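Readers should treat all values here as calculations from the given coordinates under stated rules, not as data from a laboratory. Computed from a predicted model, the values in this text were never measured in an experiment. Cβ atoms come from the backbone with ideal geometry, glycine included; neighbour counts cover every protein chain shown.
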Amino acid sequence: MKSLLICFWGILLFFDAAYAALPQNSRAQLFSEKEGLLMALSLPLENRKVVLKKMSQKQKEYLKVLALDRHQSLQVRWRALIALGFVKPRGAKKVIVKALRSREWFMRNAALLAASYFERDWALFWAGKLLDDKALVVRTAAVDVIKKLKGREYKALLWKKLYYHKNFHKGEGLWIRKHIIQALSEFSTRADKVELLRVLRSKDRKLYPYAISALERIMPYSYNARTSLRKKRQYWLHKYFKTAL
């Protein structure tokens, strides 16, 4: 691991020194577009951002080619597509929209992450649209983008998707429901009390902590921090069962 980190930092320092030494109009000649980008895309995320932002505009433009090149590996296409988000070369949004409509799940997933670097409303529009995606991992990414961008205007839709039939398998809730309730826990107001209590009455135990956290934030309560999760759940159900459910 230590030698790998040294290698990564060596590559980063090499790029920094090379770009600092060359005039602006010669930087694109340091590597071919493909070779330089492939090397940069192999770096850890934070280092990748530093290196890619220092590349020439021509090399940044080549990210669009790599992202849509079916001959490249999944990792290269994934990283190139996400890089379009934080590098933002000309025409990046058109490529991202094309990827959002791709038949390949990983392209739709990566495109959502890339979209989150652009205008909030535009990114949230696509996240809301892909809450119905056929791929569970893409639907989950859509929830995470809504949470990241604090898309409270999508709260009602998230409550609906918490009970979406595709988010269950043989009667058991899939992992996306945990992501949904995490977002809803942050977005909830007193108006959501009944829905939060409904979660506590369900059999999906992994959702309880987030529903309780939201209730504690929006409603008064009389137990202390050391109270167990089981007793907290009993408290809320006993307190509001007759009036709310």
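Around the amide H of Phe168, modelled in the peptide plane, lie the amide H atoms of Leu174, all under 5 Å away and 5 or more residues distant in sequence or on another chain. Fewest-first ordering of Val50, Val95, Val145 by other beta carbons within 10 Å of each residue's beta carbon gives Val50, Val95, Val145. Of the trypsin sites (Lys or Arg not before Pro) in segment 103-180, which ones lie in a loop per DSSP and count no more than 10 other C-beta atoms within 10 Å? Here the sparse-neighbourhood loop sites are Arg103, Lys134, Lys170.
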